[in-house]
Amino acid sequence: MPIIDIKNISKSYQSGEHALKNVNLSIHQNEIFALLGPNGAGKTTLIGMICGLVTIKDGTILVNGFDNVKEAKHARSQIGLVPQELTTDMFETVWNTVSLSRGLFGLAPNPKKIDAILKTLSLDNKKHAQLRELSGGMKRRVMIAKALSHEPKILFLDEPTAGVDVELRKDMWETVRKLRDSGVTIILTTHYIEEAEDMADRIGIIRKGELILVENKTTLIKKLGKKTMTIELTSPIKTLPDSLKNQQLTLTNGILSYTYDSKKDENRISKIFDILKQENIAYKDIQTQQSRLEDIFVELVNK
């Protein structure tokens, strides 16, 4: 059974504009799922509906088996939410901040559990520090600790590394991997598409309220990613000979480029090299490059 099961979810504004259109999605237990989309695509609305922050009128959402309308309290207890904004008392200590969050869910105090969470997030030596004394990266970790304080099965990370420098980002993602390995299902949104490519098991792309694609990350890149072959010529030429003009090549600064789909039989690679030999055009280097997730994302959202 999926840990989150979304069926036929739609959401419209009073103006009649659709925020979400008949979204169906299953998220598996113990995966990192990245939800990508441009601003205004519907990411925040969908996450808000899953977390019980936005009213559901059309469709159903089950969170670890609980209907998040009919069994809202139980469903909400399964979820930890880390918002993009830092929303906490800067004069409170790390320990009190995390402990209070656990109490808000009606759970009894459990110092050992709080200690374990802080240790996982490398905050154990900062537990008596006030939040205002911490770096931006440390404050982000405190927000994650708050979200984990009631022992949820699912953790939502909304732009978790926004405004965080590159070194801290790497550290943050290492922490996220540890959480996934400990049994927490991670759903994240990010504008850093290279992070989704590095971190996620599966990718969902949303555009204008519609979930246009959900795919295993590796399969997606293989399925939709194109390859580009570049051929560096020994002696640069200014124009393509007639025999090469119909081979979908581009010529830039003495380098020939050919973009192709490696799965299709009609790629022209062998034909290109036959023609180069016939024309006595020598080359000194050949490279191929696979399209990255960012290329695929841009192509899909602009269609």
- Filtered residues of segment 61-92 (kept if among the basic types (K, R) and under 25 Å from N30 (Cβ atoms)): K73, R76
- Message: Looking only at segment 87-105, filter to residues that are surrounded by 15 or more Cβ atoms within 10 Å (Cβ to Cβ) and among the aliphatic types (A, V, I, L, M); which one of those is farthest from the chain's Cα centre (by Cα)?
- Response: V94
- Scanning segment 106-134 for residues that are among the small types (G, A, S) and either in a loop (DSSP other than H, G, I, E, B) or surrounded by 19 or more Cβ atoms within 10 Å (Cβ to Cβ) (or both) gives G106, A108, S122, A129
- Tally the residues that are surrounded by fewer than 18 Cβ atoms within 10 Å (Cβ to Cβ), in contact (Cβ under 8 Å) with a residue 24 or more places away in the chain and in a helix (DSSP H, G or I), restricting the search to segment 178-195. 3
- Query: So which residues in segment 196-249 are surrounded by 15 or more Cβ atoms within 10 Å (Cβ to Cβ) and free of Cβ contacts under 8 Å to residues at least 24 places away in the same chain, if there are any at all?
  - Reply: E215, L240, L249
- Message: Residues to consider are S10, S26; find the one that is touching a residue at least 12 places away in the same chain (Cβ under 8 Å) and more than 19 Å from L157 (Cα to Cα).
- Response: S10
- Check on N39, more than 28 Å from R180 (Cα to Cα) and either at pLDDT below 95 or part of a strand (DSSP E or B) (or both): no
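The values are calculated or read from the model by the stated rules, or taken from the named source; none is laboratory data. This one's a predicted model, so the numbers in the text were calculated from it and none came from an experiment. Positions of Cβ are generated from backbone atoms using ideal geometry, with glycine treated the same way; all protein chains shown enter the neighbour counts.
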